[in-house]
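These notes concern the structure reproduced below.
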Amino acid sequence: MKKHLGKLITVIVLLLCAWTIYKMLQDNTAKYAEYERAIDSLTTEVAKLDSVHVKQDSIIVVYKDSIVYLDNVIEVEKTRYATIKEKYSEMRKQTIAYNPTQIDSFFKARYNY
């Protein structure tokens, strides 16, 4: 009987070990399926973000073009401003020495009144 009892205990322990291994594999399979679903979901979200990123890049290109255009306009206006400033700086030097009649004719010519 003791001889059979030892074999019975060995068989029961082996069955318990086999059942435990089976359960562990089943849990891992469920986890892997869950991980695959999560990865697929994340891949979809990454694709959406990539499309948004492409749209944002095209918007940035448009803004860069606008900035280049505005920089050119500013440069032209700076040159024009410098020219006008130089012209009126010379006029200002001349008007300091004007008498009232000359000042009146200066403003009449300038503002057409």
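The values are calculated or read from the model by the stated rules, or taken from the named source; none is laboratory data. These numbers come from a predicted model, not from an experiment. Cβ placement follows ideal geometry from the backbone for every residue including glycine, while neighbour counts extend to all protein chains displayed.
Side notes on the structure shown:
- Residues considered: Lys93, Lys78. Of these, the only one that is of a type outside the set (Phe, Trp, Tyr) and either at pLDDT 90 or above or surrounded by 10 or more Cβ atoms within 10 Å (Cβ to Cβ) (or both) is Lys78.
- Residues in the stretch 10-69 that are aromatic (Phe, Trp, Tyr) and modelled with pLDDT of 90 or more: 2 in all.
- From Lys108, Lys87, Lys64, residue being under 16 Å from the mean Cα position of the chain (by Cα) and charged (D, E, K, R): Lys64
- Any chance Asn112 is surrounded by fewer than 10 Cβ atoms within 10 Å (Cβ to Cβ), without any contact (Cβ under 8 Å) to a residue 60 or more places away in the chain and at positive phi: yes
- Whenever a residue of the stretch 63-85 is free of Cβ contacts under 8 Å to residues at least 60 places away in the same chain and among the small types (Gly, Ala, Ser), it has no partner that is part of a helix (DSSP H, G or I) and surrounded by 10 or more Cβ atoms within 10 Å (Cβ to Cβ) lying with C-beta atoms less than 6 angstrom away and at least six residues away or across chains.
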